[in-house]
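The block underneath contains the structure these notes are about, expressed in structure tokens.
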Amino acid sequence: MFTDNIGHLAHLHARDVSMALVSTGPLAEITPYRRRMGWTIPWHSAPDGDFNRDMGAGDGFALNVFLRDGREVYRTYATSGRGVERLGSVWTFLDLAPYGRREAWEDSPAGWPQSRPYDWWRLHDEYDS
């Protein structure tokens, strides 16, 4: 879902900014999804080691920003969980809608539709029309 919210990288590249995604899953499993979804963002796999833990992802997801100064690399920003969601337009738009995300954690009036967090997420070609 987050990947669907990323705009064309040319806008970042115009300001000398790069972006890449890293998953614990093997690229052989990720590549068919990338093709199916039309995602062209560079993607890497880090299945072993401490990368996800070191970057704050654990078993979930995180977003990290780095600055490279010659051979030195500095992490300048990090967020995870709902902090990452705030960067995606789908969640921002849903948070403005009358029923919000319709997830159980929201403070909604009795009778408003709600589901467990993340249960409704699908690949963009898997939703019913």
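The values are calculated or read from the model by the stated rules, or taken from the named source; none is laboratory data. Note that this is a predicted model, so its numbers are computed, not measured. Quick reminder, even Gly has a Cβ in these numbers, built from the backbone with ideal geometry, and neighbours come from all protein chains shown.
The C-beta contact set for region 3-22 (first residue surrounded by fewer than 11 Cβ atoms within 10 Å (Cβ to Cβ), second residue aromatic (Phe, Trp, Tyr) and not in a helix (DSSP H, G or I), distance under 9 angstrom, 6+ apart or interchain) comprises 20/43.
Would you point out which residue out of 40, 24, 31, 76 is farther than 25 Å from residue 127 by Cα, at pLDDT 90 or above and of a type in the set (Val, Ile, Thr)?
Numbers: 40 fails: farther than 25 Å from residue 127 by Cα; 24 fails: at pLDDT 90 or above; 31 fails: farther than 25 Å from residue 127 by Cα.
Result of the check over 40, 24, 31, 76: 76.
Surrounded by 10 or more Cβ atoms within 10 Å (Cβ to Cβ) and over 15 Å from residue 5 (Cα atoms), is that true of residue 101? When the stated conditions are applied, residue 101 passes them. In the set 127, 74, only one residue is without any contact (Cβ under 8 Å) to a residue 12 or more places away in the chain and in a strand (DSSP E or B); that residue is 74.
Output yes when any residue across region 76-88 is more than 22 Å from residue 117 (Cβ to Cβ) and out of contact with any Lys or Arg (no Cβ under 6 Å at 6 or more places or on another chain), and no when none is. So that I can check it myself, show each step before the final result.
First, pick out the residues of region 76-88 that are more than 22 Å from residue 117 (Cβ to Cβ): 76-77.
Next cut, out of contact with any Lys or Arg (no Cβ under 6 Å at 6 or more places or on another chain) only: 76-77.
There is at least one residue in region 76-88 that is more than 22 Å from residue 117 (Cβ to Cβ) and out of contact with any Lys or Arg (no Cβ under 6 Å at 6 or more places or on another chain).
Once region 80-100 is narrowed to residues that are in a loop (DSSP other than H, G, I, E, B) and touching a residue at least 12 places away in the same chain (Cβ under 8 Å), the residue that is farthest from the chain's Cα centre (by Cα) is 99.
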